[in-house]
Amino acid sequence: MTSTIRGFSTRAIHDGQEPDPRTGAVNIPLYLTSTFQLEGIDKHRGWEYSRVSNPTRDALEASIASLEGGATGHAFASGMAAIAALVTMLRVGDHIVCGDNLYGGTTRFFTQVVAHHGVEFSWVDTSNPENVLRAIRPTTKLVHIETPTNPLMVLTDIRAIADICKQHRIPLSADNTFMSPYFQRPLELGADIVMHSTTKFLNGHSDGLGGILVTSSPELADTFRFVQKCTGGILSPFESWLILRGVKTLAVRMRQHDANGRRVAEYLSKHPKIHRVDYPGLASHPQHELAKRQMHGFGSMMAFETGSRENAEKILQRVQLCINGESLGGVETLISHSATTTHASISAEERKRIGITEGTVRLSVGVEDVEDIIGDLDQALEAI
Ligand SMILES: *Cc1c(COP(=O)(O)O)cnc(C)c1O
């Protein structure tokens, strides 16, 4: 049962997850089966083969669709597999308008794989909707945005871009990984597709990869189902089950991420050795008003400027609680050096244009006691 009347936390715990009709099990069983007994020729109980659909994956897909306010979800083996599925619908000569600072893996995939298949790209700063409008061609078949961006937290006005896309009848997809549906719901703002790396906040425990596409369009849903069946890059039942378990606590985790994020950003913004803090919850963020309008919280992703690679290195060496590592959105605080991790595959020139320096450090603030996170950063910052 999917209800739009019930609140977010209730839906996170119940939607797509009715007690098992056979046993009453409160949690969706892990259906480790590749195939299903048929009832006769061309007669089945709803499942035939797990590449096409699996009850554990179905539950996850229904759950995330409900949280994003969409009709259907389509889960893939990773965020990248979800993006790969998204562009399978394009053909030679088609054109994509996308953000000029997408997740590094997406940029790599678009430039080094998809472009070789005859799809053309325009890379624009989507924080100004005019740039998107100007880049649209008669052959444009998709606009793909990410907001906020990694790691400088630049926002794109989803509604403004959606209006442009609607006028031109072009589907808009939004990578919502950084905010999760708890804080941002692009479909409500007019997007046609929401994409997630469920590896991050949705799973929330840094113990499994996954990706999902959510849509309200029956045509797009058919396309994504067809891609799942054709290319098989689907999410396994076990990972589906892990993410379902993570999603049950999404609301409480996100509230704590947000509370901790605000405190850490505030602390860093007052630290004499930090040159700049990029966090949409700070009044100093140039798009603070848009953040308040478009998001229901500010989350826990942020970047801060330490001034040099040496300073960044010293901090990363000295942290004890915060873990120097890639990825984000887990319960633990992760800290990383953007220029040599997420943005290592783009040129120094390109990094400079985006605003990432050798001294840029990214934080994914976890849900530990915030005093401990700040205490750890404080002792690490003494090194510079
Ligand atoms: C991690 C991430 C991806 C890719 O997801 P994987 O699960 O690692 O394949 C895509 N977009 C964003 C914003 C991400 O953070």
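The values are calculated or read from the model by the stated rules, or taken from the named source; none is laboratory data. The structure displayed is predicted, hence computed values, not measured ones. Cβ: placed from backbone, ideal geometry, glycine included. Neighbour counts: every protein chain shown. Calculation scope for accessible area: heavy atoms of the full protein, side chains included, ligands and nucleic acids excluded. Shrake-Rupley method; radii C 1.70, N 1.55, O 1.52, S 1.80 Å.
In percent, rounded to a whole number, the relative contact order of the chain is 17, using alpha-carbon pairs under 8 Å and six or more apart. Calculated over the chain, the projected area of the Cα convex hull averaged across directions stands at 19.4 nm². Probing with 1.4 Å while keeping every protein chain in the model, the per residue accessible area of region 1-154 equals 47 Å². Using only alpha carbon pairs under 8 Å that are at least six residues apart, calculate the relative contact order of region 250-381 and give it in whole percent. This gives 30 percent for region 250-381.
From most to least packed by mean Cβ count within 10 Å, the peptides 239-252, 184-197, 270-283, 80-93 give 184-197, 239-252, 80-93, 270-283. Ligands, DNA and RNA left out, the 1.4 Å accessible surface of region 1-73 is 56% carbon and sulfur atoms. The residues packed around GLU382, meaning those with a beta-carbon under 12 Å from its beta-carbon, carry a net charge of +1 if Lys and Arg are +1 and Asp and Glu are -1.
For region 4-81, the set of trypsin sites (Lys or Arg not before Pro) satisfying both a DSSP loop assignment and a count of at most 11 other C-beta atoms within 10 Å is given as ARG22, ARG45.
For the chain, set up a GNM with springs between Cα atoms under 10 Å and report which of LEU321, LEU60, LEU155 has the largest fluctuation. Largest GNM mean-square fluctuation: LEU321. Each peptide in 328-334, 284-290, 123-129, 34-40 was scored by the mean count of other Cβ atoms within 10 Å over its residues; highest first, the order is 328-334, 123-129, 284-290, 34-40. At q = 0.15 Å⁻¹, what log₁₀ I(q)/I(0) does a Debye calculation on the Cα points of region 250-381 give, no solvent, two decimals? Each listed q corresponds, in turn, to -0.69.
Solvent exposure of region 250-381 amounts to 43 Å² per residue of accessible area, where only protein heavy atoms count and the probe is 1.4 Å.
The long axis of helix 250-270 is offset from the longest Cα principal axis of the chain by roughly 10 degrees. Among the trypsin sites (Lys or Arg not before Pro) in region 123-202, those placed in a DSSP loop whose Cβ has at most 15 other Cβ atoms within 10 Å are ARG169. Would you mind checking the tilt of helix 370-381 against the longest principal axis of the Cα atoms of the chain, expressed as 0 to 90 degrees and rounded to 10? Roughly 50 degrees, rounded to the nearest 10. In the chain, the calculated helix contribution to ellipticity at 222 nm averages -11000 deg cm²/dmol per residue, counting -39,500 (n - 2.57) for every DSSP H run with n ≥ 4. Accessible surface of region 250-381, 1.4 Å probe: 49 percent of it comes from carbon and sulfur atoms. Only Cα pairs under 8 Å and 6+ residues apart enter the sum, and on that basis the relative contact order of region 12-166 stands at 17 percent. Rounded to the nearest 10 degrees, the inclination of helix 218-231 to the longest alpha-carbon principal axis of the chain is 90 degrees.
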